[in-house]
Amino acid sequence: MHDSDDNNWMPSNRRRFLKQVGAVGVGATLAGCSGGGGGGEYPQEDIRYIIPYGPGGSFNLYGQALGEFMPNHLPNDVDVVAENVEGAGGRRGANEVYQSDPDGYTIGTWNVPGWIVTSLIEDTEFDLSKVSWVGRYREGIYGLVTAPDSEYSSIEDMQQSDSEVRFVTFGRSATGTLVMVVATQAMEIDARYIFGSNSSSEGFRDVISGDADAMITSLTAIREWVQDDRLELNLVFDDEAPDWASDTPTAADLGYESLNQAATIQHLVGGPPELPDDRVSILEQALLDTLDSDEMQSWAEENEVPITPGDSQEAADTVSSMRETFGEYEDVFREEVFSE
Amino acid sequence: MSSTLELLASALVILFSWPNIGFAIAGVIIGLVFGAIPGLGSVISLSLLIPLSFGMEPTAAMILFGTAMGGGKFGGSITAILMNTPGTAGNVVSTFEGYPLSKKGRSEEAIGISATASALGALFGLVILLLLIPVAETIILAFGAPENFWIALIGIVAVGILGEGDIAKSLMIGGVALMLSFIGYSGVAGVYRYGVGTQYLWDGIQLIPVIIGLFAITESIRLTREASTIDQSDTDDHSTVWDGVVQVFKHPIVFFRSATIGTLVGLIPGLGGLIASFISYFQAVQSSSNPDAFGSGVVEGFIATEAANDSMDGGALLPTVTFGIPGSPVMAVLLGGFLFHGLSPGLALLTDDLDVLLMLVLALALSNVVSSTIGLLLGGKLANITRVPVDSIIPLILAVSVFGVFALRNSILDVFVAVLFGLVGYVLVAFDYSRITLVLGLILGPLIESAFHQSLQASGGSYLIFFTRPVSVGIIIAMAVIIGVAYNKMGQQDISMDQDPMDTEEA
């Protein structure tokens, strides 16, 4: 309402107007600074890092380390809070991430190719092609082991065997099981599968006792057992054998290099769909800086675990190519693994 | 051996130095509190402590973990004795004789028995662990899927013979429990069964909410209807904790047999404290001259459960540290703690890192002794809870139970399950059906199924695998003996009842 006195209107109304503008401006600034989706620099609050498995195991190991070291490489003074959300074979945690707000404050670990095959065989609540990939922290290489006194001392022995070669493995939808099926099919080994081992250690027990002939699992799990001479490493699914087993034949040596990509476990980091690109970039850079940092490298050396950094594009490409590779074996999975 | 003793001595010095002794005290307190709250226990306490231990020296971390584990078992016994509410799954059987002792006004004595039998049982198990390490690999390799199948079957047989109420009812409930245990995703079968499309039932019906429901909530309902206080004795002359201490030393055979059973059961991965204490209790009943008295506060039965429940840890550590195969759910989490601190189960832990392993063993031993001592000193005060009007106790039991269940997975559905089984438990008790049978069926069902399928897959479908292995044959013989002895005893009891001189027309 205008003051009737023109001489007085301009100054008092201008002051009121300026106050109002100033109030709106301050309010907008405060909102931007305090809200996740506001205009302040991201991140403005702690980031949840969801580990979809329990406190034991390598997923938790790496997740806790990322929670510890990543804050040092993020802008602003925020924490990364590692949280175990286990259950339903990892689905609870995966859904927790996938269904969270795409604001960059919830990310988590994704187990590939485990989730790829699951999504081929069953209906899942998430679509891997829509996950906002941040990067990768580990690529686990697989190996094939037998007992030191086994009748099978090479892949050729297995291929030429008159009887079925008994492979012990994890649950039917576990990554290790899927890798085993792909590998034995590709190498044309007449295999019989023993499902249900709760861990690599249980499987190793069965191999050593003679209840099974072989097992395919990650080199990280295998290493100590081979170095203690309790198991023999017969094949590494990679182009090169590790230093601690340099004489071991590789899949490349035997002409099966195409298996190298399939026979890996990828620990990827991702967020919900439609995460803004700028926030993905910040998270990606923080992840890569963390993996490259002295503290993370020291931690990995102390714990004797590998770090295999990858950026968001590599993660996305890995998922895409694994979907193609494992898609070719869909019928085999349905028949050999999920039909009984 | 001499180098092991030297390492032990060195570990002792380190354990009692600062800040390690501080970690030990903190671990005992955490363990006692978590053990006493139904639904929490050592699994939860360790799960929380592992990430908090980031950056600690492995030795210090093992002290923290070991003391928390040791405190948890005894903490769970306290609530089992005083409120018929087991703090952990392994304390379920503690309620069979511990709570009746409380109702008779002998709660302090029960605490004394538990404190003594638990501490001595734990020490027994740890000594056996150290002695068995040189032959650990041979033992672990002897038990494969067929052996695990027969072991689990012994558990089912024992349940059928010993379950509360009559055998037909026990077997019926056991069958229902086995069916309930099949709900959820089966890794060995590769199918999701009876989950009605929900994510909640993917992991099956969770054990802890069921136990809380069947025991804590059912008991709360019963208390509203049946008593003014838990202590229903007429006398003010109550026995003391020291009477309980003496009782354990008066029954050395029961103690050593039970501690041995607990340690042996601990060697078999997947069984855990509940199975250990149940089998030990079963043995105590079978070898008693007055089995019918069990369930009314029989000291031998209570010693059997407490000794076995705690000696189990020593046995369970063996497959855990030598093979990385967790001997119990708590050991599975502890294994995560090993990995978290760069320790690998296997020969390295038994050679290069033996000092760390010995520190864990000492921490477990220390925590059992300390927590039991706390129990003995505070037993009198704690026992007063049995003389408080139940109107004040019931809300406490319910609130703590609901909190414990919810804290497991932050799931309100777990709370609903607990309430549901609380109502189910009340009906079971009213119609003389066995609650423990229901719980044991839920535990043993997945073990039996998994072991059965794995055995057949290994043999290519031949059932001979169950009958041609030496250890399996030994277990089958043991089972036949158990059944034979049990039925013989029941037959003798029937005969003596038929020949009762009082039961005559002239009388």
Problem - Calculated P(r) of the protein assembly as shown - Cα pairs past 37 Å, % - result: 48 percent
Handout entry: Pair B:ASP352, B:VAL176: separation of 7 Å Cα→Cβ label points (nm)
Key = 5.5 nm
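Suppose R0 equals 51 Å; then what is the FRET efficiency for A:THR308 and B:LEU396 from their Cβ-Cβ distance, rounded to the nearest 0.05?
On the way: r = 52 Å, r/R0 = 1.02.
E(calc), rounded to 0.05, equals 0.45.
Can you show me the helix-derived [θ] at 222 nm for the protein assembly as shown, built from DSSP H runs with n ≥ 4 at -39,500 (n - 2.57) apiece and divided by the number of residues, rounded to the nearest 500.
Details: 34 runs with 504 residues, N = 847.
Helix-only estimate at 222 nm: -19500 deg cm²/dmol.
Using R₀ = 51 Å, calculate the FRET efficiency as 1/(1 + (r/R₀)^6) where r is the Cβ-Cβ separation of A:LYS130 and B:THR224; round to 0.05. Don't skip to the end; give the middle numbers.
On the way: r = 53 Å, r/R0 = 1.03.
Using R0 = 51 Å, I get an efficiency of 0.45.
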Problem - Counting DSSP beta bridges with both ends in the protein assembly as shown, the antiparallel % (nearest 5) - result: 65 percent
Exercise for the section: Calculate how many DSSP beta bridges within chain A are antiparallel, expressed in % of all such bridges and rounded to the nearest 5. Expected result: 60 percent
Practice task
For A:THR220, B:THR218, write out the residues from largest to smallest accessible area, computed with a 1.4 angstrom probe and no ligands counted.
Solution key: A:THR220, B:THR218
Practice task
Report, as an integer, the average count of C-beta atoms from other chains found within 10 Å of each Cβ along B:186-193.
Solution key: 6
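Take the cross-link list B:LYS104/B:LYS250; B:LYS104/B:LYS169; B:LYS103/B:LYS381 and give me the ones stretching past 23 Å between alpha-carbons.
Working: B:LYS104/B:LYS250 21 Å; B:LYS104/B:LYS169 28 Å; B:LYS103/B:LYS381 16 Å.
Going by Cα-Cα distance, B:LYS104/B:LYS169 fall outside the 23 Å limit.
What average count of beta carbons from other chains do you get within 10 Å of the Cβ of residues in B:455-462? Mind showing how you got there, number by number?
Values: counts 2, 1, 9, 9, 4, 4, 1, 0.
Per residue, the average neighbour count from other chains is 4.
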Practice task
Could you let me know the centre-to-centre spacing of region B:431-484 and region A:186-261, using Cα atoms, in angstrom?
Solution key: 31 Å
Exercise for the section: Along Cα→Cβ, 7 Å out, is where each label goes; now give me the distance between the ones at A:ASP317 and A:ASP123 in nm to one decimal. Expected result: 3.5 nm
Completion exercise
GluC sites (Glu not before Pro) in region A:137-205 lying in a DSSP loop, each with at most 15 other Cβ atoms within 10 Å of its Cβ, come to A:GLU151, A:GLU164, A:GLU188
Exercise for the section: Mind checking the full-extension length gain between A:GLU164 and A:ASP229? Use 0.36 nm per residue of separation minus the Cα-Cα distance, one decimal, nm. Expected result: 20.9 nm
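Given a cut-off of under 8 Å on Cα pairs at least six residues apart, what relative contact order in percent is computed for chain B?
Working: 923 pairs, mean separation 138.2, N = 507.
So the answer I get is 27 percent.
Can you pull the Kirkwood radius for chain A, inverse mean 1/r over Cα pairs, to one decimal in Å? Mind dumping the intermediate values first?
Details: mean 1/r = 0.0448 Å⁻¹.
Value: 22.3 Å, from the Cα pair sum.
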Handout entry: Cα→Cβ-extended label distance, 7 Å offset, between B:VAL135 and B:TRP18, nm
Key = 4.6 nm
Problem - Peptide A:198-208 - average C-beta neighbours from other chains (10 Å radius) - result: 6
Handout entry: Two-site FRET efficiency, A:GLU83 against A:GLU324, from Cβ-Cβ distance with R₀ of 30 Å, rounded to 0.05
Key = 0.40
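The values are calculated or read from the model by the stated rules, or taken from the named source; none is laboratory data. Predicted, not measured: the structure shown is a model, and the values here were computed from it. Counting neighbours? That spans all protein chains shown, and the Cβs are built from the backbone with ideal geometry, glycine included. For the accessible areas, the whole protein counts, side chains as well, though only heavy atoms, and no ligand, DNA or RNA atoms are used. Shrake-Rupley method; radii C 1.70, N 1.55, O 1.52, S 1.80 Å.
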